[in-house]
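Got a structure here, written out as structure tokens. Questions coming.
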Amino acid sequence: MAAYARSQLLRKKTRSKYEEKGKDFAIWLRDMILEKDYSIFYSYQMEAVLHTQRHLLIDVDAETSSDTHDGRRSECDPVLIVAPTGSGKSGMIVLLPYVLQSRKVLILTPSVVISKQLARAFGIFKHEESFFQVTGFYNKNKTSTAAGGSQDDQDGDEEDLENILETGIVLKDPSEITSRLPNLVIVNAQKFGGKSKLSLQYNKKEVVGDVEAFFRQFDTLIVDEAHHYPAKTWVTIVDEFQKPAKGMQKRIIFITATPYRSIAGGKHRPILKNQNHRIAYEIKAKDVEGQTVRRLDFVERTNVANLANDIEELLNKNARREPRITKHQAIVLVPRQDEADRIAMELNDAMGVTTFAVSIVSNTKKEDKEKRIKDFGEGRYQVAVNCMLLNEGYDNNSVSVCVIVRNVGSRILFEQFIGRAMRMKKFGEGEQPDQSVATILSYKEFKQRKLWTERNKLATKDPVDEEGLYDDDDDE
């Protein structure tokens, strides 16, 4: 442990690409907004990261503390971006380290699926998968070799990406925390919880020391799907990150579509104390639905025995609205894993085929579960029946129907699940946007209309901070 700490102290400090490119990035984004040029990034993506920058940075001349540098404020309280599912949160996460001129970035996620999605957005696996390439940031106004463009153009793009993309990893092996890490690390929060090898609670003292040293390397923590934060593992991680590190001003950014959590009695509370003052930027669902995410519709039927016919009807309706999508798909949410298997079988029987529906549950063997998810994503099945697995972070914009056949009591679960159908399919430049409607189907016996009716209330007004809501014993 001592040798590792010494090596970190002796390591030569080099500027990250976020620090090198950050100022120019911020100026360029401001110019894009002033010119109303939204051909690459959505206006609210640019505004969200710039507002966050202003929220986190201070005027250098107004700060006399020797603990600050580069105009960065010394406090380390989290700030919050509220963004609806499907509105491009991954893009905001990619842009943030540049605009904040971060030195070293840690991104915390709730699942391996989301970690991999963000890794692709940052171009960790392949540069051509990066947010900058996919949005046309580099290939705009360039042509492919097939269309008459030169190979030099193609090679130039790759060089440009090399110049701006930071090297990063998705942390998997516990031994990686003591290695020389790149300036971007993405990690699943569960790596540091419970009885895992990196737990801050259960492991030997020297292991905990290594984990503490790991957190001291980073000046920026971005927490995706931050509504998980009140859970003890997440609180422990944030608390550890907030500990002072000499010569480093730390920033914490939370991003979520649902900045509240359920508590006893059906109530909800904000995920942060004084949350109204911590919101750097909020994107209202009603302002983006039908523009950058699909419009929503709620359909309530009376007889769940007609489930197969009801799903087929709604999928066909979206197929007529948007025929450019090869196969519209649906995800069904059930309360228990055994019901997922049963309902998938019943749907296949009703349709007279074996490839209409597939169950995707956690107790399936890993290889089989991954194959089922892959097969559904590639359109081999039209319906996935799941119990909690595909409710968060699953990105498949062929899904335009979400079906609830259980009593969902949590607004958070409700909002996260219906978000699976909200992601618009992107077509070519100049083409009409996706005309599908994100259709939510349920049945009267499951009493979901109340959640549908109330879904926008917390988006327009945060819950009141009530006395005692933040007691330690409420974090389970």
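Each value in this text was obtained by applying a stated rule to the coordinates, not by laboratory testing. As the structure is a prediction and not an experimental result, all values here were calculated from the model. Here the Cβ is made from the backbone with ideal geometry for all residues, glycine too, and neighbour counts use every protein chain on show.
For Glu454 and Asp338, calculate 0.36 nm times their separation in residues minus their Cα-Cα distance, and state this gained length in nm to one decimal. Before the final figure, lay out each step's value.
Values: separation 116, 0.36 × 116 = 41.76 nm, distance 3.06 nm.
Gain on extension, Glu454 to Asp338, equals 38.7 nm.
Can you list the residues, at least 5 places off or on another chain, whose amide H is less than 5 Å from the amide H of Val385, using H built in the peptide plane?
Correct list: Val332, Val358, Ser359, Ile360.
Still on this structure: Measuring from label point to label point, each 7 Å out along Cα→Cβ, what is the Asp160 to Gln291 span in nm?
2.7 nm
Using 1/(1 + (r/R0)^6) with R0 = 22 angstrom and r between the beta carbons of Arg320 and Glu378, what's the FRET efficiency to the nearest 0.05? Don't skip to the answer; put the middle values down first.
Details: r = 23 Å, r/R0 = 1.05.
With R0 = 22 Å, the Cβ-Cβ based efficiency is 0.45.
Just to be sure I understand the model, the point goes 7 Å from the Cα along the line to the Cβ. What's the resulting Ile27 to Asn274 distance in nm?
My value for the distance between the label points is 3.5 nm.
Let me ask something else. Could you state the orientation-averaged shadow area of the convex hull built on the Cα atoms of region 292-458, in nm² to one decimal?
Numbers: hull surface 39.0 nm².
For the Cα atoms of region 292-458, the hull's average projected area reads 9.7 nm².
Per-residue HN-Hα couplings for region 116-128, Karplus 6.51 cos²θ - 1.76 cosθ + 1.60 at θ = phi - 60°, whole Hz, x for Gly and Pro?
Once θ is set to phi - 60°, the couplings for region 116-128 become 5, 4, 5, 4, 5, 4, 7, x, 5, 7, 9, 4, 5 Hz.
Only Cα pairs under 8 Å and at least 6 apart count here; give the relative contact order of region 292-458 as a rounded whole percent. Provide the component values of the computation, followed by the final result.
Working: 291 pairs, mean separation 56.5, N = 167.
In percent, rounded to a whole number, it is 34.
Let me ask something else about it. Cβ under 14 Å from Ala308's Cβ, Ala308 left aside: what net charge do those residues give with Lys, Arg +1 and Asp, Glu -1? Don't jump to the answer; show the numbers that get you there.
Details: positive: Arg301, Arg342; negative: Asp310, Glu312, Glu313, Glu346, Asp349.
Computed value for this residue: -3.
5 Å is the cut-off here: which amide hydrogens, built 1.01 Å from N in the peptide plane, fall below it relative to Glu289, excluding neighbours closer than 5 in sequence?
none
Let me ask you something else. Could you derive backbone 3J(HN,Hα) for region 402-409 from the dihedral phi with the Karplus parameters 6.51, -1.76 and 1.60 (θ = phi - 60°), listing whole Hz in sequence and x where the residue is Gly or Pro?
With the stated coefficients, region 402-409 comes to 10, 10, 10, 10, 7, 8, 8, x Hz.
Now for a separate question. Please report, in debye to the nearest 20, how large the charge dipole of region 292-458 is about its Cα centre when each Lys and Arg carries +1 at its beta carbon and each Asp and Glu carries -1 there.
Details: 29 positive and 24 negative charges, 87 e Å.
Value, rounded to 20: 420 debye.
Report the gain in length on full extension from Thr14 to Lys426: 0.36 nm times residue separation, minus Cα-Cα distance, nm rounded to one decimal.
Details: separation 412, 0.36 × 412 = 148.32 nm, distance 3.85 nm.
Length gained, Thr14 through Lys426: 144.5 nm.
Among Arg251, Arg295, what is the fewest-to-most ranking by other Cβ atoms within 10 Å?
Arg295, Arg251
Tell me the label-point distance for the pair Asn407, Thr302, using the 7 Å Cα-to-Cβ offset, in nm and rounded to one decimal.
2.1 nm
Sort Asp287, Asp434, Asp310 so the one with the fewest other Cβ atoms within 10 Å of its own Cβ comes first. Spell out each step's value before the answer.
Working: Asp287 13, Asp434 23, Asp310 19.
If I rank by nearby Cβ atoms, fewest first, I get Asp287, Asp310, Asp434.
Among Lys89, Lys365, Lys17, which comes first, then next, by fewest other beta-carbon atoms within 10 Å? Don't jump to the answer; show the numbers that get you there.
Values: Lys89 23, Lys365 8, Lys17 18.
The most exposed by this proxy come first: Lys365, Lys17, Lys89.
Amide H neighbours of Phe41 under 5 Å, at least 5 residues apart or on other chains, H built in the peptide plane: list them.
The answer is none.
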